[in-house]
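One structure below.
The values are calculated or read from the model by the stated rules, or taken from the named source; none is laboratory data. Bear in mind that the values here come from a model prediction, so they are computed numbers and not experimental data. Cβ coordinates were reconstructed from backbone atoms using ideal geometry, including for glycine residues, and neighbour counts include every protein chain displayed.
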Amino acid sequence: MCPFYCCKSISCHSVLGGYTEFVLTFSVVNDKEIAKYRKKIIADHLEVFRNKRILVIDDKVVDRKQVLNYLKPFQVDIDEAGDGVEAIERIKKNQYDALLMNLNMPVMNGFEATEAIRAGKAGILSMDIPIIGHTADPLYIARAKTEKVGMQGFITKPVQEFELIRSIAAIFNLKYFNSALTFSGMTVMLVDDANVIRLSLRWLLEKFNINVIEAVNGTEALKHLRDNSLTCDLILMDIQMPGLDGLETTRQIRTDQSMRFKNIPIIGLSGESDETEISKAFDAGMNDYLVKPVDNQALIRKIGQWIKI
Ligand SMILES: [Mg+2]
């Protein structure tokens with residue numbers, strides 16, 4: 001019996017100074033066993049895919065349909081684009097949790113599209129979106145090329161159902177896993193006038209071992225920041241608040257010469273998603289911006305980018 005339970009038996013035969021021959025014997029897997037395994041893979045990944053939005057970018061309709069078919073059992077929202085240009089237009093209008101990007105496409109290929117997205121051409125909110133390359137290239141070439149342009153992973157063509165599910169799930173899971181390790185001992189100030197939002201964000205942040213300080217408006221936030229005993233690594237700042245709003249509070253933090261937290265990373269939170277509103281946040285001195293309702297994963301990802309370890 002194989003000690004790793006992956007095959008039926010392993011044996012080897014060596015000739016001194018010559019060679020070693022390994023023989024691995026596998027049992028034939030019948031359709032019933034494959035169906036059972038498939039059911040398990042789907043059940044194991046239902047939660048990680050729930051309510052996610054994925055953009056599948058491929059010039060070959062049949063390949064897109066195959067991906068859609070494999071992801072059908074999950075509660076996942078899937079959009080399609082035929083090339084890089086179309087993908088960028090879609091990303092400007094929607095927020096995605098991941099992109100599955102064919103590398104070889106006419107008009108704008110997957111590498112060019114990835115570089116454009118990373119440079120902010122699809123909007124500043126999508127610069128760090130996870131991208132999985134999809135390619136028929138040999139593995140070693142695909143790995144080097146996809147990493148170079150900033151992709152998080154790749155899968156080979158023709159697409160295999162289990163590889164597809166595992167690769168996308170790994171991207172979703174990886175974010176959470178790394179973050180939980182990284183944020184231990186960090187402190188985030190949560191500034192929002194809505195109790196329910198503070199409550200849900202506190203719950204999320206504490207799951208990642210982040211210490212949370214709350215403030216219900218800009219005035220209270222500034223008061224906390226001027227307290228000499230305060231430690232704080234990042235601020236999540238609601239933009240619309242009665243009294244001192246998020247934009248004005250940020251301006252005051254950035255321009256107050258005596259402020260210890262003058263350069264602290266500030267992520268703006270707002271229900272507004274149009275470019276003018278987003279530009280106002282950056283002009284006020286915010287480092288980043290998230291549209292409400294805040295996607296938990298996107299928030300954790302942004303915190304990971306800005307927090308100083
Ligand atoms: Mg508000």
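Considering the conditions (1) touching a Leu at 6+ places or on another chain (Cβ under 9 Å); (2) at pLDDT 85 or above, Cys2 is excluded by exactly one of them, (2).
Residues in region 264-282 that are away from the ligand (no atom under 16 Å from the Cβ) and modelled with pLDDT of 95 or more were compared, and the one that is farthest from the chain's Cα centre (by Cα) is Ile264. Counting the residues of region 199-247 that are within 26 Å of the chain's Cα centre (by Cα), modelled with pLDDT under 95 and within 16 Å of the ligand (Cβ to nearest atom) gives 4. The criterion of at least 1 residues that are of a type in the set (Ser, Thr, Tyr) is met by the following strands (runs of 3 or more DSSP E) wholly inside region 152-258: 153-156, 187-191. Could you go through region 78-91 and let me know if any residue there is of a type in the set (Asp, Glu) and touching a Pro at 6+ places or on another chain (Cβ under 9 Å). Yes, some residue in region 78-91 is of a type in the set (Asp, Glu) and touching a Pro at 6+ places or on another chain (Cβ under 9 Å).
Table: residues versus (1) of a type in the set (Phe, Trp, Tyr); (2) within 18 Å of the chain's Cα centre (by Cα); (3) not in a strand (DSSP E or B).
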| site | (1), (2), (3) |
| --- | --- |
| Asp79 | no, yes, no |
| Ala87 | no, yes, yes |
| Leu100 | no, yes, no |
| Asn104 | no, no, yes |
| Phe111 | yes, no, yes |
| Thr114 | no, yes, yes |
| Leu125 | no, yes, yes |
| Asp128 | no, yes, yes |
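Considering region 274-288, the residues that are assigned to a loop (DSSP other than H, G, I, E, B) and in contact (Cβ under 8 Å) with a residue 24 or more places away in the chain include one that is farthest from Ala215 (Cα to Cα), namely Gly285.
On the basis of being within 30 Å of Asn173 (Cα to Cα) and surrounded by fewer than 16 Cβ atoms within 10 Å (Cβ to Cβ), does Asn209 make the cut? Judged against the criteria, Asn209 is a match.
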